[in-house]
Amino acid sequence: MKVYNSLSRSIETVTPLHRGQIGMYTCGPTVYSFVTIGNLRTFVTSDLLLRALKYEGNDVHFVMNITDVGHLTGDNEGDASQGEDRLEKSAKKEGKDAWHVAQFYTEAFLKDAQALHLVPPQELAKATDHIPEQIALIKRLEEKGFVYTIDDGLYFDTVQYESVTHNIYGELSNLDKILEGARIEANPQKKNPRDFALWKFSYPNGRNFNGETDDEAQKRHMEWESPWGIGFPGWHIECSAMSMKYLGESFDIHAGGEDLKSTHHPNEIAQSEGATGKQFAKYWVHSAFLLVDGKRMGKSLGNAYTVTDILQKGFDPLSLRYFYMTGHYRSPLNFTWEGLTAAQNALGKLQSAYRSFTEVSDENRTELSEEKLSKVQGFRDAFQSALSDDLNMPAALAVVWEMVKSNIPSPDKRDLLLLFDEVLGFNLKDIKNEDIVVPAEITALLAQRDHARAQKNFSESDRIRQVLEEKGYTVKDGPEGSTVILSHVAHQS
Ligand code: AMP
Ligand code: ZN
């Protein structure tokens, strides 16, 4: 398997640190609101990578975190150590407790993850369940002289880090870009604008560090005792502490969205390598952003769609999974409702193709000719090489369709499709006729037929019934209206 490693800025063969065993960590969601179809693009990319590595025969230990504390709003303005805690802010807005907000959106995320058939991680690590590990890591950094304290918390000293370790801080990123993008005044107490918070005090500036405040309303919902005073961890430290806890101080793959390349991931590297003196993650895999109608996706722009929006518009969440695979993960992908409709149609066709293939037991199988045998092997190889080529899912999908339309025997098509589905993740083996996504063109024809019937234009409604039959759908007229059910598979295209 070859992937583009953002660290070396080149395509590299994945050579696991321990043979056949891969440790993989993906930065998970900040659970202050519903995840968007943008976040889900990143999570599906990481799911495809996980499945492709397993498909190749690797045993993958997969960890994902849930950021339920410490991710500040300042990251949008160029300084992730400033601003309000996203969880506490959302709690205030919703009039709830931050703990409840986190729990609610974590559960919502897990439902979305299930709807998109994301393989659950062995560890779904919550930041709030790992405060002692984070404190221990900060202590380790403190002992090495990489930490200083200012009014609002403990900071990581990037200059000291560079001079002691001889590492370059921010190798992954383009630091000029970060500084250009900074829209808020840098904290003047920081020794260097690049330094970042490891631990933030709950009550800085004149307030009592023991948490006594004049204004109870200002009290944080989430805060912990620490050797340095009551507070909460900075956003980045959780990923270092939790990935190293479950995967060891050095592990193979670290994934996330491309925005994390500029600060979050460089900070994770600095904290981890500063503490251990070893290389942290070997391969850094970043997925490009999802755009909506060619524009940036944002809550304020009203285009930050969620799985609920997808469902409400009558789409199957798996069509979103299919849609993501139509683009290469390192290129921006433009979401449109037309694009999703096309993906839904393609998925429906794939599901019905699968249903049309015959299943035969091994004893009843006829032997394949040399030519067909080599075709079957050719499809298997082509699928594998598309995956190995930096997870080229559009190419892998092209192989799937070529195979479906080929002249190899139906039982072999069925076998290959089931094999490929280990990566595609549609769970075709469990699909029943009634679960098959009905393509939009079919629902449109059905609506036309209903209209004709309402007008008592029976010759037209019969004609449409005929067209639907030819396309493989039987119309059932009931008291509740008409529906279609897949009867056979006509032409695949
Ligand atoms: P967050 O919940 O903000 O911590 O983000 C969770 C993940 O989603 C991170 O890996 C982000 O990089 C990623 N992400 C955020 N927005 C997008 C987007 N529009 N397209 C793809 N990935 C995104
Ligand atoms: Zn992270």
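Where a ≥ b ≥ c are the square roots of the eigenvalues of the C-alpha gyration tensor, would you call the stretch 318-398 rounded, which needs a/c under 1.5, or, failing that, prolate if a/b is larger than b/c, or oblate? Taking the square roots of the gyration eigenvalues as a ≥ b ≥ c, the stretch 318-398 is oblate. Divided by 2.2 N^0.38 Å, where N counts the residues, the Cα radius of gyration of the stretch 17-287 comes to 0.98.
With the helix formula -39500 (n - 2.57) applied to DSSP H stretches of n ≥ 4, the chain reaches a computed 222 nm mean residue ellipticity of -13500 deg cm²/dmol. Beta bridges per DSSP, both residues in the stretch 17-287: antiparallel share near 40 percent. Phi angles of the stretch 478-487 translate, via the Karplus equation with coefficients 6.51, -1.76, 1.60 and θ = phi - 60°, into HN-Hα couplings of x, x, 8, x, 9, 9, 10, 10, 5, 9 Hz per residue; Gly and Pro are given as x. Between amide H atoms placed 1.01 Å from N, distances below 5 Å from GLY153 occur with PHE201, all of them 5 or more places distant or on a separate chain. In plain terms, the chain from ASN76 to ASP362 could stretch by 97.1 nm, reckoned as 0.36 nm per residue minus the Cα-Cα distance. Computed from phi, the 3J(HN,Hα) profile of the stretch 225-238 under the Karplus parametrisation 6.51, -1.76, 1.60 (θ = phi - 60°) reads 5, 8, x, 10, x, 5, x, 8, x, x, 4, 6, 5, 4 Hz, with x in place of Gly and Pro.
Compared with the direct C-alpha span, the chain from TRP401 to ALA136 gains 90.2 nm at full extension, assuming 0.36 nm per residue. Which of the listed residues, PHE156, ALA136, GLN103, is farthest toward the dipole's positive end in the chain, when Lys, Arg count +1 and Asp, Glu count -1 at the beta-carbon? Positive-most Cα among the choices belongs to GLN103. 3J(HN,Hα) couplings calculated from phi for the stretch 153-160 with the Karplus curve 6.51 cos²θ - 1.76 cosθ + 1.60 (θ = phi - 60°) are, in sequence order, x, 9, 10, 8, 8, 5, 5, 4 Hz; Gly and Pro show x. For the chain, the normalised intensity computed at q = 0.12 Å⁻¹ comes to -1.08 (log10 of I(q)/I(0), Debye sum over alpha carbons, equal scatterers, no solvent). Across the cross-link table entries LYS54/LYS126; LYS92/LYS245; LYS190/LYS282; LYS139/LYS191; LYS126/LYS429; LYS96/LYS295, which are compared at the Cα atoms, the separations over 27 Å belong to LYS92/LYS245; LYS190/LYS282; LYS126/LYS429; LYS96/LYS295.
Please compute the net charge surrounding LEU53, taking Lys and Arg as +1 and Asp and Glu as -1 over other residues with Cβ under 12 Å from its Cβ. Cβ neighbours under 12 Å give a net charge of -2. If you model the stretch 292-434 as an ellipsoid using its alpha carbon gyration tensor, with each semi-axis the square root of five times an eigenvalue, the axes come out at 33, 18, 10 Å, biggest first. Bridging of LYS93 to lysines at a Cα separation below 20 Å is possible for LYS219, LYS299, once same-chain residues fewer than 8 apart are set aside. Put a dot 7 Å past the Cα of ASP430, heading toward its Cβ, do the same for ASN334, and the two dots end up 3.6 nm apart. When you count the other C-beta atoms within 10 angstrom of each residue and take the mean per peptide, 300-309, 18-27 line up highest first as 18-27, 300-309. The C-alpha atoms of the chain define a longest principal axis, and helix 131-143 lies at about 50 degrees to it. For LEU291, the residues whose modelled amide H falls within less than 5 Å of its own, excluding neighbours fewer than 5 places apart on the same chain, are LEU333, ASN334, PHE335.
Relative contact order of the chain, taken over Cα pairs closer than 8 Å and 6 or more residues apart, is 16 percent.
Net length available on complete extension from ASP129 to ASP151 is 5.3 nm, with 0.36 nm assigned per residue and the Cα-Cα distance removed. Given +1 at the Cβ of Lys and Arg, -1 at the Cβ of Asp and Glu and no other charges, the dipole of the stretch 292-434 around its Cα centre is 640 debye to the nearest 20. Translational diffusion coefficient of the stretch 94-153 (Stokes-Einstein, Kirkwood radius from Cα pairs, 20 °C, 1.002 mPa s): 145 µm²/s. Computed over the alpha-carbon atoms, the stretch 438-486 gives an Rg to Rh ratio of 0.92, Rh here being the Kirkwood radius from the mean inverse distance.
Rounded to the nearest 5, what % of the DSSP beta bridges within the chain are antiparallel ones? Bridges in the chain that DSSP calls antiparallel: roughly 50 percent.
With both labels modelled 7 Å from their Cα along Cα-to-Cβ, the THR276 to GLN189 distance reads 3.2 nm.
Seen against the Cα atoms of the chain and their longest principal axis, helix 410-424 is set at about 20 degrees. For VAL60, the amide hydrogen comes within under 5 Å of the amide hydrogens of ILE22, counting only partners 5 or more places away or on other chains and with H modelled in the peptide plane.
Rounded to the nearest 0.05, the FRET efficiency derived from the C-beta distance between LYS313 and GLU107 at R0 = 35 Å is 0.95. Approximating the spin labels as points 7 Å out from Cα along Cα→Cβ, the SER487-to-LEU17 distance works out to 6.0 nm. Rounded to the nearest 10 degrees, the angle from helix 37-55 to the longest Cα principal axis of the chain is 80 degrees.
Bear in mind these aren't lab numbers, they're just calculated from the coordinates by the rules spelled out. This one's a predicted model, so the numbers in the text were calculated from it and none came from an experiment. Counting neighbours? That spans all protein chains shown, and the Cβs are built from the backbone with ideal geometry, glycine included.
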